[in-house]
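Read-outs throughout are calculated quantities, based only on the coordinates presented, and are distinct from any laboratory measurement. Predicted model, so just to flag it, every value in this text is computed and none were measured. Reconstructed Cβ throughout: ideal geometry from the backbone, glycine too, with neighbour counts over all protein chains shown.
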Amino acid sequence: MSKSNFVYVTYIRTTPEKLWAALVTPEFMKKYWFGMHIETDWQVGSPWRLLFTDGRVADAGEILANDPPRKLVMKWRNEWKQELNDEGFSTCSYELEPNGDAVKLTVTHSMERSGSKLIDAVGGGWPRILSNLKSLIETGAALTGTAKS
């Protein structure tokens, strides 16, 4: 079976521990996810939900792997757009690797289906979110703009 993949790599001037905290702390997450955040206990097997600022569920799934501050893998399904929800679950992984005075962050979002509309959609969202994260960590200020919901 063909697979749809989105991979984004960025280098952020920080430590793996600080980047990890930014990825899993709801209050910090709201600053670069345009007000959205994930609710979970981050334990393997636990459910998670990404919430819009008004409390609606945007995406949800299950924590598949958690190896701080190196790797986080989540089972992921869109919950707010029917055509994307109908595609089922995808997998999203964050991999952090020290690289001098920076951390290489690789986000891979994939689905066991060719031509996935979900993977096309995340291809537009991840660059905005991760650029915002990089700016926030390195300068203390997030980029301007709003999320599409």
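Residue by residue through region 110-124, what is 3J(HN,Hα) from phi via Karplus (6.51 cos²θ - 1.76 cosθ + 1.60, θ = phi - 60°)? Round to whole Hz and write x for glycine and proline.
Whole-Hz 3J(HN,Hα) from phi for region 110-124: 9, 8, 7, 6, 7, x, 5, 5, 4, 5, 4, 5, 5, x, x.
Counting only C-alpha contacts under 8 Å and six or more residues apart, can you give the relative contact order of region 1-143 as a whole percent?
On the way: 295 pairs, mean separation 42.8, N = 143.
After rounding, I find 30 percent.
Can you find, among 43, 25, 99, the residue sitting farthest towards the positive end of the charge dipole of region 1-123, where Lys and Arg contribute +1 and Asp and Glu -1 at Cβ?
99
Taking each pair of different alpha-carbon atoms in region 68-149 once, compute 1/r for the pair, average those values, and report the inverse of that mean as the Kirkwood hydrodynamic radius in Å to one decimal. Don't skip to the answer; put the middle values down first.
Working: mean 1/r = 0.0697 Å⁻¹.
Its Kirkwood hydrodynamic radius stands at 14.3 Å.
Assuming 0.36 nm per residue, please report the length gained on full extension of the stretch residue 75 to residue 8 beyond their Cα-Cα distance. Please report the intermediate quantities before stating the final value.
On the way: separation 67, 0.36 × 67 = 24.12 nm, distance 1.77 nm.
Using 0.36 nm per residue and subtracting the Cα-Cα distance, I get 22.4 nm.
With Kirkwood's inverse mean 1/r over C-alpha pairs for Rh, give me the Rg to Rh ratio of region 1-62, two decimals please. Display every interim value, and only then the final one.
Working: Rg = 13.7 Å, Rh = 13.4 Å.
Rounded to two decimals, Rg over Rh is 1.02.
Taking amide hydrogens as modeled 1.01 Å from N in the peptide plane, which residues meet the under 5 Å criterion relative to residue 90, leaving out close sequence neighbours?
76, 77
Listing 109, 37 from the residue with the fewest other Cβ atoms within 10 Å to the one with the most, what is the order? Display every interim value, and only then the final one.
Numbers: 109 23, 37 17.
Taking fewest neighbouring Cβ atoms as first place, the list is 37, 109.
For region 26-86, report the convex hull volume of the alpha-carbon atoms normalised per residue, in Å³, without decimals. Could the numbers behind the result be given before it?
Numbers: hull volume 5.6 nm³, N = 61.
Enclosed volume per residue, from the Cα hull, is 91 Å³.
For region 4-139, what is the largest minus smallest coordinate of the Cα atoms on each principal axis, given in angstrom and ordered from greatest to least?
Principal-axis extents of the Cα atoms in region 4-139, largest first: 42, 32, 27 Å.
Of 104/134; 30/134; 30/104, which pairs sit farther than 18 Å apart, going by alpha carbon to alpha carbon? Intermediate results must be reported in sequence, preceding the final value.
Numbers: 104/134 11 Å; 30/134 14 Å; 30/104 22 Å.
Cα-Cα > 18 Å for 30/104; rest within.
Mind checking which lysines have their Cα closer than 17 Å to the Cα of residue 117? Skip sequence neighbours fewer than 8 apart in that chain.
3, 75, 81, 148
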